[in-house]
Amino acid sequence: MKRELICIVCPMGCHLTADVDGETVAISGNGCPRGARYGRQEILAPERTVTSSVMVRGGTHKLCPVKTAAPVPKSRVGDVLAAIRSAQACAPVRLGDVILPNVADTGVDVIATASR
């Protein structure tokens with residue numbers, strides 16, 4: 001089976017072709033080795049870094065921007081966003097503070113990306 005992808009690792013946006021045969025994936029069209037790694041990852045186990053914001057109590061700002069410290073499986077993005085929506089942080093929040101440890105049992109923390 002063949003799948004067409006656009007690489008998002010760098011601004012070149014190479015058009016990749018993935019030839020999938022079971023667990024074997026052959027990538028073509030990449031301009032660099034990072035594109036081949038991205039293509040295989042996207043076919044076998046796609047992951048995303050999730051960015052959002054969390055409510056802050058007791059601060060001058062009502063929201064604090066957050067992100068996952070590492071990519072999470074694409075199939076779990078909805079669960080991660082639901083956990084973030086229900087979370088609240090107490091001021092002061094500092095850049096890099098862990099807001100939600102092990103969010104949605106993914107093994108990944110949600111961290112603050114600004115001080116509030």
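See the values below:
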| read-out | value |
| --- | --- |
| Segments classed as strands (runs of 3 or more DSSP E), wholly inside the stretch 63-116, with at least 2 members that are surrounded by 13 or more Cβ atoms within 10 Å (Cβ to Cβ) and not basic (K, R) | 63-68, 98-100, 110-112 |
| Members of the stretch 10-54 that are surrounded by 16 or more Cβ atoms within 10 Å (Cβ to Cβ), within 20 Å of the chain's Cα centre (by Cα) and among the aliphatic types (A, V, I, L, M) | A36, I43, V50, V54 |
| Filter pass, S52 being part of a strand (DSSP E or B) and of a type in the set (S, T, N, Q) | yes |
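Each value in this text was obtained by applying a stated rule to the coordinates, not by laboratory testing. Quick caveat, the model's predicted, so the values are computed rather than measured. Ideal geometry is used to build each Cβ from the backbone, glycine not excepted, and the neighbour counts take in all protein chains shown.
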